[in-house]
Amino acid sequence: MNAANPVAQREQYERDGYLVVPDVLSPRELGELRLATERIVDGARGKTAHDDVYDLEDSHTPEHPRVRRVKEPHRRDPAYASLVSHPGILGVLRNLWGPDIRFQFSKLNMKSAGYGAAVEWHQDWAFYPHTNDDLAAVGIMLDDCEEENGPLLVLPGSHKGPTVSHHAGDSFVAAIDPVGSSIDFARAVPLIGKAGSITVHHVRTIHGSAPNRSAQDRRLLLYQYRAADAWPLKGIPEGFDAWEKLMLCGKSTLEPRMQSLPLRMPFPLAQRQGSLYENQALMPVRYFER
Ligand SMILES: O=C(O)CCC(=O)C(=O)O
């Protein structure tokens, strides 16, 4: 699965819609990120509800904190902030898209040993369609990702297919109906690697992950990036200055690159807001057990 050189990496990404690249983070960087993670998770002690920083497991209590997701970790600690423009990550993305790259946002999905929550099948594209689809999520493995601890699962080649409905009844539920969609999810491939490896998945790739019933944590940072000429069809509600500050390398542009692509808008909004997990809570049928 690991692509050996830039040409092979690009070919694999174009064909399959994902990559795993080993040894991107040094042991020192990994150590700093793990320490930052412990500090931030400890801050969930005493919390009684989700907030702007924490998304909590259903089994969380204020005395025994259980965090499902840390929101926007790059805003929480310098170790996460400097990772946004890590040369190893930007090098992989420049090879795929060229020199002009803009950040989007970040999250840390904890998937703790024993109880870490599943993420139902979805395409990121269903949440934030853009003028072109040069967008990807980079997963930075803070722990080894094995078959057993709920690795990211991807459907190879699905980035070239349709944008599947993520609706149930009248509203967006942020996930694909596992029965009605007739997709063969058994074809999914686990993205396995040692801590310090990264995954890259295309914005249209169908992906999800099972709960973590193993004794090993699976903490995956997800940093989302896009080509500078990909403009969000939902607009830039933070304003133009904030949009320009997201540029990481190369040149910004006022001329979006338009592609003809399968689109569905994520409206009406999911009835439960706050995070992907909350959005998916009202799915009538789930693929993964809770
Ligand atoms: O953490 C995972 O396994 C899946 C993450 C994901 O797809 C998401 O948060 O959008």
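The values are calculated or read from the model by the stated rules, or taken from the named source; none is laboratory data. Nothing here was measured: the structure is a model prediction, and the numbers come from that model. Cβ sites come from the backbone with ideal geometry, for glycine too, and all protein chains shown count toward neighbours.
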Note: among ASP217, ASP177, ASP229, just one is under 21 Å from VAL67 (Cα atoms), among the acidic types (Asp, Glu) and in a loop (DSSP other than H, G, I, E, B), namely ASP217
Of those in the range 211-233 that are within 19 Å of the chain's Cα centre (by Cα) and among the charged types (D, E, K, R), the residue nearest to the ligand (Cβ to nearest atom) is ARG218
So, first residue within 12 Å of GLY116 (Cβ to Cβ) and in contact (Cβ under 8 Å) with a residue 40 or more places away in the chain in the range 57-74, second residue assigned to a loop (DSSP other than H, G, I, E, B) and aromatic (Phe, Trp, Tyr), Cβ within less than 7 Å, six or more apart or across chains; the pairs are GLU57/TYR115; SER59/TYR115; ARG66/TYR115
Here the residues within the range 140-157 that are surrounded by 23 or more Cβ atoms within 10 Å (Cβ to Cβ) and within 30 Å of GLY98 (Cα to Cα) are ILE140, MET141, CYS145, PRO151, LEU152, VAL154, LEU155
Exactly one of PRO262, PRO256 is surrounded by fewer than 18 Cβ atoms within 10 Å (Cβ to Cβ) and over 27 Å from LEU153 (Cα atoms), and that one is PRO256
Does ALA113 satisfy the criteria of being under 25 Å from GLN216 (Cα atoms) and surrounded by fewer than 22 Cβ atoms within 10 Å (Cβ to Cβ)? yes
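Report those strands (runs of 3 or more DSSP E) wholly inside the range 26-129 carrying at least 1 residues which are aromatic (Phe, Trp, Tyr) and within 19 Å of the chain's Cα centre (by Cα).
54-56, 101-109, 119-122
Conditions tested, residue by residue: (1) more than 11 Å from the ligand (Cβ to nearest atom); (2) over 30 Å from PRO256 (Cβ atoms); (3) without any contact (Cβ under 8 Å) to a residue 60 or more places away in the chain.
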{"position": "TRP121", "(1), (2), (3)": "no, no, no"}
{"position": "TRP125", "(1), (2), (3)": "yes, no, no"}
{"position": "GLY139", "(1), (2), (3)": "no, no, no"}
{"position": "ASN149", "(1), (2), (3)": "no, yes, no"}
{"position": "PRO156", "(1), (2), (3)": "yes, no, no"}
{"position": "SER182", "(1), (2), (3)": "yes, yes, yes"}
A careful count of residues in the range 175-220 that are at pLDDT below 95 and of a type in the set (A, V, I, L, M) gives 1
Exactly one of ALA117, ALA186 is of a type in the set (A, V, I, L, M, F, W, C), over 30 Å from ALA228 (Cα atoms) and more than 14 Å from the ligand (Cβ to nearest atom), and that one is ALA186
Quick count over the range 47-92, residues being in contact with a Cys (Cβ under 9 Å, 6 or more places away or on another chain) and of a type in the set (A, V, I, L, M, F, W, C), is 1
